[in-house]
Amino acid sequence: MSFSAADCAYPVPVMADHRAHRHPLTTVITGVVSSVLTLGLSAAPAGAASTPAPTPLPTPSCRPWQRPTTVPAGVQLTPRVFPPGPTTDAAPPVSTLPGRTAKQRPTTPPKRVVCRTVAPTPFATPPFDPATVVGGPALSASGVVTDLGKGATAPPEVYDVSYVIADLDSGEILAAKAPHAWLRPASTLKTLTALTLLPRLDPRRKVMATADAQAAAGTRVGIIAGNAYPVGDLIDAMLMFSANDAVYALADAAGGYDRTVAMMNAKAKQIGAFDTVTVDPSGLDEGNQRSSAYDLALIGRAAMKLPVFRQTVVKRTATFPGGTDPAKKVWPAFPIYNINPLLTHYPGAIGVKPGRTDRAQHTFIGAATRGGRSLIVTQMGSVTGAWQPTAALLDWGFANAGKVKPVGRLVDPGVAVAPSIASTSPSLRPDSPTTSPSGPPSSATPEPGPLAMAGGAAANPSGKKTSDTGSHTVDAIVLGTAWLGVLTGLVLLIRRLTGRPWRGRRSSGP
């Protein structure tokens, strides 16, 4: 069955009396146009009008730490491997069967959209003056920082957003990548928790577990509310098994959650870790909790000087006490293990602490000893969580420690001061167009970030007005003159349209 253009057209009703009074030329033009349109529709390809528009691929609802990724249908995303290489998300090869050649492969294979984990984005940071950056000016860079000597090789490429490789004893930094980038630390923050609380708590003291500690989010060792646990066992659970319920029990023993957070923030500043802000002592993604690879190296180095900490993070297994639940059932003691994979796979590993949350992705503090030298490595924002990148960074450090020049150093506690914000416009004058008389800098001045001073003090530190009475008077005269000219023009235009002559002038006549 075939259809013509006339079958698909919608008739337009026209009144008979209008047709009767239509001009003959209009009738001719209308007929010509209708004929051309009919011929054009008849000559169009049969399948042109029936070709469907491409259907958009269904996009899944991705988590905040994921991004939609289009891949060929039937292809599974492969985990990221080390060292980083080309993507393997390609269409599978077409097998050559009898009667079929590779040329018969579809040019556009079907695709699908999946969610893939992406590296976290650092927090916005103020424009710090490089000369005041803790550890040295070179550490203000956002990329890889090295000073390779003769015979030295470049550090291995890794997926980490940020890292630091340093000598654990001397504090010399051998290489770094965006060392002061603000990122979420995940459970590596428990290293700061231990550094803060261990000197204050007796390992033999017993702590009564609360219902809040028992209900902790994330990883738990399984404490039972109403039971008393030794501080030493809670420390094992916190550092070896990364148990959040043990962290909250230790915080209760130290005076409460808020007091523990305040002490951790004070401790971070005391050792020079000014990038670090603690909100939750367990390391969960709360508020603006953050740290940096440099700060984690400071924290890890300071914690490794505590004998109890150093002995705990290297233990493979421990026994955690049981308890009695509300139903009066008695649970026996049970073994726990160290979740740090470096201890199992890297000879000479001596710690320290892994971490992972959805928004932080994988973070890590690692340390190892070889040939009388001890190195510490901190990594943030990794999407793999594998031990091989850490091992590669440590191998590079041990092989190049005597060949590279330090790019900075881990400061000693109580020495460093907070970095200062760089002056974004040191040469601004009171009449500069980039300042406003009564507000903050305009868009021409870079934003100083979350630590910006209120009211635009950075752009106008004196607080003086940028204009005076004379300039306001000149502006008023100019504005008044302009409005007078506009009003005069409107009056002339109205009189000309109405035909009334302007007073004092004769009309030009017809």
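Only the coordinates and a few stated rules stand behind these numbers; no lab work does. Please read these numbers as outputs of a predicted model, since none were measured by experiment. Methodologically, a virtual Cβ is constructed for each residue, glycine included, from the backbone with ideal geometry; neighbour enumeration extends over all protein chains shown.
What the table below lists for this structure:
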| quantity | calculated |
| --- | --- |
| Eligible lysines near K177 by straight Cα distance, threshold 19 Å, same-chain separation 8 or greater | K403, K405 |
| Dmax and Rg, reported as Rg then Dmax, of region 239-280 (C-alpha, Å) | 11.1, 28 |
| Ratio of Rg to Rh over region 324-363 (Cα coordinates, Kirkwood Rh, two decimals) | 1.23 |
| For peptides 311-324, 240-253, sequence by mean Cβ density within 10 Å, most packed first | 240-253, 311-324 |
| Relative contact order (%) - criterion: Cα under 8 Å, at least six apart; region: region 130-409 | 28 percent |
| Relative packing of 113-119, 355-361, 292-298, which averages over residues the other C-beta atoms within 10 Å, highest first | 292-298, 355-361, 113-119 |
| Cα-only Debye scattering, region 130-409: base-10 log of I(q)/I(0) at q = 0.08, 0.14 Å⁻¹ | -0.32, -0.92 |
